[in-house]
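Encoded as structure tokens, the structure appears first; notes follow it.
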Amino acid sequence: MHVLMMTDLEGCAGIFYRELQVSNAAPHEYARTLRLCTREVNAAIEGARAAGADDILIEALHDIDLEMLPAGVQVVRGLSPWDTRYLESGLHALVLVGLHGGAHLTDCALAHTFLPSWQIEASGGVSEGWAKQVAPHLGGTAPGEFSTVEKVWLNGRLIGETGVLMVMAAAFGVPTACVSGCIHACREAADLVPEVQQAPVKWCVNFRAARMLSPKGAQQTIRDQVERGLRRSGDIPPLAGADGPQEVAVRYVHAERADRSAHGPGARRIDAHTVAASVPSGRAIPALRFLFARPRHAEDAPTADEV
């Protein structure tokens, strides 16, 4: 069985406020964050192997501690989450680990959708962490000028990163067998495909607070649910309609960010803060990555290192 695991970070147990999410804000805490996340990935690997997976590829969409991964798996680093080459390689199933809720949620720790959300911008640790880590070219840019996202819709449905990844995989005929992370990510997955196996490890209170399983409890839950999901993956369908037309609409906090996205190919300005664009299939959703490219200047097109 050939399984792709896409791993994020903010949905893992033990990670619940901004300074745990970025390396420069609190380096010693961030090292612990990577260990927590990687142990959940390793638990998913154990569950996949117990279900018969003999070819496991880890695509780390966020940081993990590579030295903690077991022998016998392969890992991809350095690719954009919009790169679909590994969805085209005869996969049997997708497993998502460490997923979180979307930017539109107010009762979700570290809620965002691809770009920093308005809540991340307003939270502590931004000037010390995010700006220096991923946008050093912004220099002394004040909060309020970042590329923040308020809401994302896919075909009219409010959605987070979980749903977008599921749609992209389903467009290639790949079902999502299991989703682990915060309860919002799990519910989003089940709303799209009721048969998907859920492994919730975190129940959020607000943007900086959550009730979570202990790390060992989270790892056990993930191990068990990934095994269960993969054992029944033949009964879990890919998301219906994923290989048909897809429209992504993004509402930004700042109108100048919408000015920039409106220059993208096929973009339509909905209102001062909202831009939409369409593709004929979920396979082509990466063509809409300009909606989520990080800013250099408000009206510039994305550069190669931003997409």
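Just to verify a result, which residue in segment 225-245, among those that are surrounded by fewer than 17 Cβ atoms within 10 Å (Cβ to Cβ) and among the charged types (D, E, K, R), is nearest to GLU46 (Cα to Cα)? Full working, then the answer.
The initial filter retains those residues of segment 225-245 that are surrounded by fewer than 17 Cβ atoms within 10 Å (Cβ to Cβ), namely 231-232, 234-235, 237, 240-241, 244-245.
So of that shortlist, the ones also among the charged types (D, E, K, R) come out as 231-232, 235.
Working: ARG231: 13, ARG232: 16, ASP235: 21 Å.
So, considering only residues that are surrounded by fewer than 17 Cβ atoms within 10 Å (Cβ to Cβ) and among the charged types (D, E, K, R), the one nearest to GLU46 (Cα to Cα) is ARG231.
Can you list the strands (runs of 3 or more DSSP E) found entirely within segment 1-114 that contain at least 1 residues being of a type in the set (Lys, Arg) and over 21 Å from LYS216 (Cβ atoms)?
Numbers: elements: 2-7, 55-60, 74-76, 93-99.
Strands (runs of 3 or more DSSP E) meeting the threshold: none at all.
Please go through (1) small (Gly, Ala, Ser); (2) more than 21 Å from the chain's Cα centre (by Cα); (3) farther than 30 Å from ALA44 by Cβ; (4) surrounded by 16 or more Cβ atoms within 10 Å (Cβ to Cβ) for ALA276 and return the number of the only condition it doesn't satisfy.
Failed condition: (2).
Quickly run through segment 206-229 and pick out the residues that are out of contact with any strand residue (DSSP E or B) (no Cβ under 7 Å at 6 or more places or on another chain) and aliphatic (A, V, I, L, M).
We begin by selecting, within segment 206-229, every residue out of contact with any strand residue (DSSP E or B) (no Cβ under 7 Å at 6 or more places or on another chain); these are 206-209, 214-217, 219-220, 223-224, 227.
ALA209, the sole residue that qualifies.
If only one of ALA177, ALA171 is of a type in the set (A, V, I, L, M) and either buried (at least 24 other Cβ atoms within 10 Å of the Cβ) or modelled with pLDDT under 95 (or both), which one is it?
On the way: ALA171 fails: either buried (at least 24 other Cβ atoms within 10 Å of the Cβ) or modelled with pLDDT under 95 (or both).
From the options ALA177, ALA171, the qualifying one is ALA177.
Mind checking which residues of segment 275-291 are among the polar types (S, T, N, Q) and either touching a residue at least 40 places away in the same chain (Cβ under 8 Å) or not in a strand (DSSP E or B) (or both)?
Scanning segment 275-291 gives a single hit, SER281.
Hey, does segment 250-266 have a residue that's under 16 Å from GLY163 (Cα atoms), more than 18 Å from the chain's Cα centre (by Cα) and surrounded by fewer than 20 Cβ atoms within 10 Å (Cβ to Cβ)?
no
Say we look at segment 43-55 and pick out the residues that are buried (at least 21 other Cβ atoms within 10 Å of the Cβ) and within 12 Å of GLY72 (Cα to Cα); which of these is farthest from the chain's Cα centre (by Cα)?
Checked segment 43-55; the qualifying residue farthest from the chain's Cα centre (by Cα) is ALA53.
Please verify whether VAL193 is within 25 Å of ARG157 (Cα to Cα), of a type in the set (Val, Ile, Thr), in contact with a Pro (Cβ under 7 Å, 6 or more places away or on another chain) and touching a residue at least 12 places away in the same chain (Cβ under 8 Å), treating the condition exactly as stated.
Yes: the conditions hold for VAL193.
The values are calculated or read from the model by the stated rules, or taken from the named source; none is laboratory data. This is a predicted model, so every value here is computed, not measured. Using ideal geometry, Cβ is built from the backbone for each residue, glycine included, and neighbour counts are taken over all protein chains shown.
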